[in-house]
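Enquirer: The structure that follows is given in the form of structure tokens.
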Amino acid sequence: MDKSLSSQRWLARLSFVLAGLAIVVLVLFSGLKSLAMLAVAVAAAVVSLAAAYVFLARRGVWRWLALAVFVLVPIAVIVVYAFRHLLWVAIVSAALWLLASITARQALTRDQTDWRMPEHPAQPPAQRPFLIMNPKSGGGKVGKFDLKRKAEALGAEVFLLGGSEHVDVAAVARKAVAQGADLLGVAGGDGTQALVAGIAAEHGIPFVVISAGTRNHFALDLGLDREDPSACLDALSDGVELRVDVGVINGQTFVNNASFGAYAEVVETPAYRGDKLNTTLNTLPDLLQGHRGAHLHVRADGTQIEAPQALLVANNPYGTGDIAGLSRRARLDGGVLGVVGVTVRTAGQAVDLLRGSRADGVSVLITKKIEITADTPQIPVGVDGEAVTMSTPVTCTVSPAALRVWVPRDRPGVPAPKPPVNWARLRQLAAGRRPPAEVAM
């Protein structure tokens, strides 16, 4: 038995011990009151989630009453537990459950060799690298980290975006390739990264990601350093190549995701850039109640999703059953699209979202092609966070291993994916049997 498997088995056993202790503490120190404690906690969670839905779906006095309920409910639970002298029991039991969950995930996490993307030599060396940099992106990271000077010292030609006039980034990249550039790169946000990545993939030349944007989810999933964008330039001198998939939506490339419905409608609102929070809060009520936005129809591999309020199509699925596209993608070379459709029209459906991807209002699937139609000829779409309007039907496909991404050999890397806690698989592991392989999502 290898050491890795042995440690996984002992972690699985420890998770069952901790879960048992959580129950023992609850029963031993609260007796029959433990059932009441559980009932109060479940009721509080249901009421809080329903209040959160009302806060998003209503305006005026109902919104602020819902916010008050959302804030006061957990306080009320703490007060009830304290008066019953059960607060410390709840805290200790919850802490043990948390530790049990952590050890369970560690036990189910696969070896690194199972989920890391394979690396290839970054050859031949680029003779005429061409980098596009946005000085405004990420609050001015290009200037803060002196990226232009450092890139030019490595032999790269740098094109700075600037001025008040719109610049066609794709046209700039195409012209550079026509003039002999043998590597393209971008220091900017995910939207700009995607545009130039499409040109690089089309011509089969390497692409370098420089994490100078605000969020840089693509850089994060490539294992790059988001704190120091200048470290990404090491890909030019000491890099390795990752062969990455790209998504294609009506002929346009995306590296993260394309979003439809509620999220896309919010991003499309003109005021969104200046005041994201208030714009979102003012727009969501009409979207959630069906008073605004197109009615979508989705078809993928024989599966249909009728009228989802929100739809996310990702270049490879996000992990841990994520239904909002906020988590990580362990690999970007699976050759598939991850699709999540969400329908929430009542407080009951909002409560059901506690079950995550298993909720009745959530449709999760993996496909290589998906078609979205609507009751309007055009719909708003968020492509890597950028608002665009597309004619229906909208088709999304994936191009496997289409992009040759050069990354530094020495980089933070991608952490092991966190699998959902599957107690049946965990029981097999604790009993000394190797559970069947599970695909990380």
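The values are calculated or read from the model by the stated rules, or taken from the named source; none is laboratory data. These numbers were taken from a predicted model, which means no experiment stands behind them. So basically every Cβ, Gly included, is an ideal-geometry build from the backbone, and we count neighbours across all protein chains shown. SASA here: full protein model, heavy atoms, side chains in, ligands and nucleic acids out. Shrake-Rupley method; radii C 1.70, N 1.55, O 1.52, S 1.80 Å.
Enquirer: Starting from the Cα of T214, step 7 Å along the direction of its Cβ; do the same at E202; then give the gap between the two resulting points in nm.
Expert: Each label point is offset 7 Å from its Cα along the Cβ direction, giving 2.8 nm.
Enquirer: Would you list K150, K175 from the most to the least accessible area, probe 1.4 Å?
Expert: Listed by decreasing accessible area, they come as K175, K150.
Enquirer: Counting other Cβ atoms within 10 Å, keep those with at most 11, restrict to DSSP loop, and tell me which GluC sites (Glu not before Pro) in segment 169-253 are left.
Expert: Of the GluC sites (Glu not before Pro), the ones in loops of segment 169-253 whose Cβ has at most 11 other Cβ atoms within 10 Å are E227.
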